[in-house]
1. Take 15, 115, 123 and order them by how many other Cβ atoms sit within 10 Å, fewest up front.
2. Measure off 7 Å from each Cα along the Cα-to-Cβ vector at residue 115 and residue 83, then give the distance between these two points in nanometres to one decimal.
3. Which FRET efficiency value, to the nearest 0.05, do you get for residue 34 and residue 7 by plugging their Cβ-Cβ distance into 1/(1 + (r/R0)^6) with R0 = 22 Å?
4. Would you list 70, 50 from fewest to most Cβ contacts within 10 Å?
Amino acid sequence: MFIYGQTASNAISLMSYLAALPSGRLAGSTEMAEARGISKALAAKLLTRLAQAGLVAGQPGPGGGYCLGLPAGSISILRIAALFEQIEPPSLCPFGHDWCGKGPHCPLHDKIAEMIDANRRFMEETRLSLFSVTAEEGTLRDDPTEKARASLAGNPPSFSSSHSLSQSQPVSGDLRISDL
C-alpha cells in the first residue's frame with residue numbers, strides 16, 4: 001500500500017517520464033499525457049503546479065516542452081507527492097482515530113506504524129534518478145536536466161555520454177540497480 005493518491009501518482013508518472021528522457025530532450029505535455037495514459041488537461045494542470053514548485057522547467061511555443069527543473073537525484077517521490085496530497089497518513093487504528101496515542105495501543109499499532117514508516121522511507125529515498133538508469137547497460141545517463149536547461153538557454157551542453165554506476169556518486173538516498 002502506498003500512502004499517496006491518484007493525483008500524486010499521476011504527477012510522479014509525469015516526472016518519471018521527464019527523468020527517463022535522453023539528455024537534452026524536451027517533452028510536450030501532450031506527449032507525456034499520451035505516454036502515461038492521463039488526460040491532456042490533467043497533465044497540463046500538474047505540470048503547471050510542478051513548474052511553480054521549481055521541479056520542472058519549460059519552454060513555450062513550437063519546439064518547446066518540459067524538462068526537470070532540478071537534478072533527478074535531488075527529487076524524491078515524497079517531494080512530488082507533497083505538492084498534491086496530504087502526506088501524513090490518516091489514523092489507521094482499527095479501534096478508531098481517538099484510540100492509539102490516548103491510552104494503550106491497539107493490537108495492530110506496532111505493525112501499522114512499521115508499515116507507515118517503511119512507506120515514508122521508500123518515498124523519501126526513491127529519487128527520480130532511478131528512472132534514468134538503463135538496466136541493459138548498467139549505466140547512469142548524464143542528468144538530462146542540465147543539458148535541457150543549457151538547450152533552453154542556447155548554451156551547448158558539456159557532459160560525457162554516460163558513466164559507470166560504480167563510478168557515480170549518488171545523492172544520499174539514491175537507488176541504483178545494485179540496490180534493487
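What follows is calculated from the coordinates using simple rules that are stated; it is not laboratory data. If you're wondering where the values come from, they're calculated on a predicted model, not measured in any experiment. Here the Cβ is made from the backbone with ideal geometry for all residues, glycine too, and neighbour counts use every protein chain on show.
1. 115, 123, 15
2. Result: 2.9 nm between the two label points.
3. That gives a FRET efficiency of 0.75.
4. The most exposed by this proxy come first: 70, 50.
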